[in-house]
1. Run down Ile208, Ile164 and say which single residue is in a strand (DSSP E or B), in contact with a Cys (Cβ under 7 Å, 6 or more places away or on another chain) and of a type outside the set (Phe, Trp, Tyr).
2. Just name the residue that is nearest to Lys255 (Cα to Cα) out of those in region 1-25 that are modelled with pLDDT of 95 or more, surrounded by fewer than 20 Cβ atoms within 10 Å (Cβ to Cβ) and hydrophobic (A, V, I, L, M, F, W, C).
3. Could you please find all residues in region 213-243 being crowded, with 19+ Cβ neighbours inside 10 Å and in a helix (DSSP H, G or I)?
4. For region 9-50, which residues satisfy the criterion of being without any contact (Cβ under 8 Å) to a residue 40 or more places away in the chain, among the charged types (D, E, K, R) and part of a helix (DSSP H, G or I)?
5. Can Ser63 be described as surrounded by fewer than 21 Cβ atoms within 10 Å (Cβ to Cβ) and either in contact with a Phe, Trp or Tyr (Cβ under 9 Å, 6 or more places away or on another chain) or modelled with pLDDT of 95 or more (or both)?
Amino acid sequence: MRKPFVVANWKMHKSVDEALDFIRRLQGRLPDADLVECGVAANFLALYPMLQEVKGQPLEIISQNAYAEYEGAYTGEVSPKALADAGINYALLGHIERRKLFNETDDLVNRKVIATLQAGMTPIICTDETMIQKEFSGSVHYVFEQLINVLRGVSFDQVKNIIISYEPSWAVGVGQHANPNLAEEGCRLIRQTIADSYSYEVADKIRILYGGSVNPENVKQIMNKPDIDGVLIGRASLDADNFLSMINTVVELYKGAK
């Protein structure tokens, strides 16, 4: 089975002190890393202090972004090599808010993915529902055009080291309702896209997360779906008890399925 991954995306919430307090509230309460992988994507200022605070806990500290170059005249950007050197293992790339608010293109996200992989980090690639028809081996499939563009130049060996998060625009934002069936269909089509572009063996190993209005009330329904391997949680992850509740729900499902 693919080990589930539960990720909190705090976006531009929490000061450094608030982030550290959150980490301390998780102390001794997180499940074994063999059962579930957990992570928190925080703002850049909080990353290194959180890394120091989290030592000994089964919790990944995740960058919300990384640039496409290691160094240079790119004021305000953060190098994937610098993140890796600091001890960060994962970076969110291509989040829907980065695309909408900061005009990130498929080409830029693709370059970020390549640079992040070369730095030895694992990209968590966010993608939405943009699809096209393509023919593979004589049959027509719906595939995620955005994802194909973002994975351009990523080798068979490299693609095994990525995670994908499905972020449909209809479910991202406060007050929206996540539809587990639509979430599963999107994740299934992402896996089909990977199979068409690489192989079914590769597609079967890649973890696909769902992100969009996930909360303690719907996480069980979402995680019960066969092609959903984890969740990217926004606002509902800002509270430590809520976050732990969702993690524990995922653990119980995973135990029951083993």
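1. Working: Ile164 fails: in contact with a Cys (Cβ under 7 Å, 6 or more places away or on another chain).
When all the criteria are applied, what remains is Ile208.
2. Per the stated criteria, the residue is Leu20.
3. Residues satisfying the conditions are Val219, Ile222, Met223, Ala236, Ser237, Phe243.
4. In the first step, residues of region 9-50 are kept if they are without any contact (Cβ under 8 Å) to a residue 40 or more places away in the chain; the result is 12, 15-21, 23-24, 27-28, 32-34, 42-46, 48-50.
With among the charged types (D, E, K, R) added as a condition, the list becomes 17-18, 21, 24, 32, 34.
Within region 9-50, Asp17, Glu18, Asp21, Arg24 meet the criteria.
5. Details: surrounded by fewer than 21 Cβ atoms within 10 Å (Cβ to Cβ): no; either in contact with a Phe, Trp or Tyr (Cβ under 9 Å, 6 or more places away or on another chain) or modelled with pLDDT of 95 or more (or both): yes.
So Ser63 fails the test.
The values are calculated or read from the model by the stated rules, or taken from the named source; none is laboratory data. These numbers come from a predicted model, not from an experiment. Because the Cβ atoms are built from the backbone with ideal geometry, glycine has one as well, and the counts that use them run over all protein chains shown.
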